[in-house]
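Handing you a structure now.
Bear in mind that the values in this text are calculations on the coordinates, not laboratory data. Keep in mind that this is a model prediction, so the values were computed, not measured. When we count neighbours, we look across all protein chains shown, and the Cβ atoms used for this are built from the backbone with ideal geometry, even at glycine.
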């Protein structure tokens, strides 16, 4: 037989090793399920903010599609009016409800965003001589304030343009 070890002690050690192996394989699985639960229970505020940002992006893109045309239809003007109004309201809401209290840069950038959206809305509503040029200018300023805020927060919005690059953390 074996030198110095009885069959009972071998069985005891085998049971201990099997028990340890089972626990070692269960512990990581338990950790994964806990992590999955955390992902499923997402912060409702974060989800609400994402929805607001999607609405802003939708109106932004609708207005952007009409930039560069000089023979504007009634629906083009209406699109600028609506985009300015919606982006202004939502950016104000984003600033008031979701701003970290100590992040002055975020507050500044969202105020700029609201101002430029208000300017788009005002120019499109009044349709004075040169209003379209003012809309274009305000739209460019709006684009810059959005870009600067995304950079400030470390959010890469067009990741498909930069394949292989990791987004900043």
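Regarding residue 51, is this residue in contact with a helix residue (DSSP H, G or I) (Cβ under 6 Å, 6 or more places away or on another chain), without any contact (Cβ under 8 Å) to a residue 24 or more places away in the chain, surrounded by fewer than 16 Cβ atoms within 10 Å (Cβ to Cβ) and over 13 Å from residue 136 (Cα atoms)?
No, not satisfied.
If you don't mind, there's one more thing I want to ask. Looking at the stretch 120-142, which of its residues are closer than 18 Å to residue 57 by Cα and either surrounded by 22 or more Cβ atoms within 10 Å (Cβ to Cβ) or touching a residue at least 40 places away in the same chain (Cβ under 8 Å) (or both)?
Passing the criteria: 120, 121, 135, 136, 138, 139, 142.
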